[in-house]
Ligand SMILES: Cc1ncc(COP(=O)(O)O)c(C=O)c1O
């Protein structure tokens, strides 16, 4: 069975009677006119479809916690959609906890995770009743225990571990140890468990947590991850008599950025995970644990596109043709950060045969601000609307005001309706936190 992460385009994408691209029943050219560009557009049907596919894929297993990795893209409206779909939230900062809280998420179902959570953030998570905290290191064990004690609470925790599996895009390696800033090395787990048992009486260890990478195409890596964690849980049970009931496998399922990408479906991933949990629980004589997963990119990536307006262009003599758009590395840092590759189409002429090789340049003052190194598109003119697919994850959430350029708006489309979910910034917003000390005032 296929799932929505295996499509380059949001599932409602089509060419409409005006000859323009349409998503969620909304003409992209009209959206660009109405809201301006750059514009992030999110298709609600694609988000709900993949969320339901995840639920269906794990429905045969009795105890599952589906968490959305908020870092991929979080706004209050996105929280509402995924809360309605029954998801909890994987959160990594006070800001993400606050957003989830303000939007009415079920924090009991949610997890706070990260390698350097502050006192204030941990305090906030404990006070607001975030269900699980994934403790990353020895410093945090002590800090969280103090906070739980002063709040007269016993807090359920997972230990974040590095299972010795590393994913390099489409391949992975297994090593004894991983050089990673996240989590306890497996050789450090005993020391952590002993501290929890002997000293940290306000912490209740319920399971293990790991995350092995992102944009993963290989299903067997999940099988191996589960085996390593279950083996470790069995060892902890044997040595300390502690029954760990939760196994959190992180996120990572890949999406289809280009036609060459072939990510597995949600159903292929879930069956590898469930098979491995069942087989290894039986092999190591453990009760079936509650499985938690926390996908980000595969939930939101495919649903989002970015619309840009074409502006200037430049033909280098005997060289490339650069076509510049009105956004770039500040609204989507992924191409300049790690050479991410995207598929683009012209929203106002999707039917015209592509014939020109071009480089799509951003508008920011960096030579590295190139959105697509090489693509073939219909001849582009100023005013054309370019639609970049698969920008839903790690686009807005990694955006900045570099060059003091305003952050774009985001709209949610569904059933021919479009609604703003993040307003476009104004110049007033931009300077609103600036302060001129008295001695510098004019
Ligand atoms: C701990 C953890 N969980 C989940 C995710 C989400 O990963 P993805 O967006 O690839 O599903 C990440 C991403 O970095 C992560 O670090």
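Rule-based calculations on the coordinates, nothing more; no lab input. Computed from a predicted model, the values in this text were never measured in an experiment. Note: ideal-geometry Cβ built from the backbone for every residue, glycine included; neighbour counts use all protein chains shown.
Residues of the stretch 394-415 with an amide N closer than 16 Å to a point placed 7 Å from the Cα of residue 431 along the Cα-to-Cβ direction: 404-406. Using bins of 10 Å that start at zero, the share of Cα-Cα pairs per bin across the stretch 352-442 amounts to 11, 31, 32, 17, 6, 2, 0, in whole %.
If you plug the beta carbon distance of residue 366 and residue 18 into 1/(1 + (r/R0)^6) with R0 = 41 Å, you get a FRET efficiency near 0.70. Each part reduced to its alpha carbon centroid, the stretch 314-328 and the stretch 345-378 end up 8 Å apart. Computed from the C-beta positions of residue 2 and residue 84 and an R0 of 30 Å, the FRET efficiency is 0.80 to the nearest 0.05. Volume per residue of the convex hull around the Cα atoms, evaluated for the stretch 114-263, comes out as 116 Å³.
Per residue, the average separation of C-alpha pairs within less than 8 Å and at least 6 apart gives the stretch 44-300 a relative contact order of 20 percent.
With all pairs of different C-alpha atoms in the average, the Kirkwood value for the hydrodynamic radius of the chain is 23.2 Å.
Compared with the direct C-alpha span, the chain from residue 260 to residue 219 gains 13.0 nm at full extension, assuming 0.36 nm per residue. Using only the C-alpha atoms, the convex hull of the stretch 15-66 corresponds to 88 Å³ per residue.
Could you work out which residue, out of 55, 34, 14, moves most in a Gaussian network model of the chain, that is, has the largest mean-square fluctuation with Cα springs under 10 Å? Answer for the Gaussian network model of the chain: 34. Centre-to-centre, using Cα atoms only, the stretch 69-95 and the stretch 206-241 are separated by 24 Å.
Distance between the modelled labels on residue 339 and residue 439, one decimal in nanometres: 4.9 nm (7 Å Cα→Cβ projection).
Counting 0.36 nm for each residue step from residue 198 to residue 238 and taking away their Cα separation leaves a gain of 12.7 nm. When only Cα pairs below 8 angstrom with a gap of at least 6 residues are kept, the stretch 305-442 shows a relative contact order of 26 percent.
Estimate the FRET efficiency between residue 312 and residue 108 by the formula 1/(1 + (r/R0)^6), using the beta-carbon distance for r and 45 Å for R0, to the nearest 0.05. The value I calculate is 0.30. With a ≥ b ≥ c taken as the square roots of the eigenvalues of the C-alpha gyration tensor of the stretch 44-300, please select rounded if a/c is under 1.5 and otherwise prolate if a/b is larger than b/c or oblate if it is not? Oblate. What is the distance in Å between the Cα centres of the stretch 254-277 and the stretch 105-122? Each part reduced to its Cα centre gives a spacing of 28 Å.
Label positions at residue 149 and residue 355, each projected 7 Å from the Cα along the C-beta direction, are separated by 7.6 nm. Considering only 318, 202, 285, give the residue with the highest GNM mean-square fluctuation for the chain, with springs between Cα atoms whenever their separation is below 10 Å. With Cα springs under 10 Å in the chain, the top fluctuation among 318, 202, 285 is at 318. Computed over the stretch 229-361, the alpha-carbon pair-distance distribution with 10 angstrom bins reads 9, 27, 22, 15, 13, 9, 4, 0, each value a whole percent.
Computed over the stretch 321-384, relative contact order equals 42 percent, with contacts defined as Cα pairs under 8 Å that lie 6+ residues apart.
Peptides 385-391, 347-353 ranked from most to least packed by the mean count of surrounding Cβ atoms within 10 Å: 385-391, 347-353. Our helix-only sum for the chain, with -39,500 (n - 2.57) per DSSP H run of n ≥ 4 divided by its residues, gives a mean residue ellipticity at 222 nm of -8500 deg cm²/dmol. Compute a Gaussian network model of the chain, connecting alpha carbons closer than 10 Å, and tell me which residue from 97, 133, 81 fluctuates the most. Between 97, 133, 81, it is 81 that shows the largest mean-square fluctuation.
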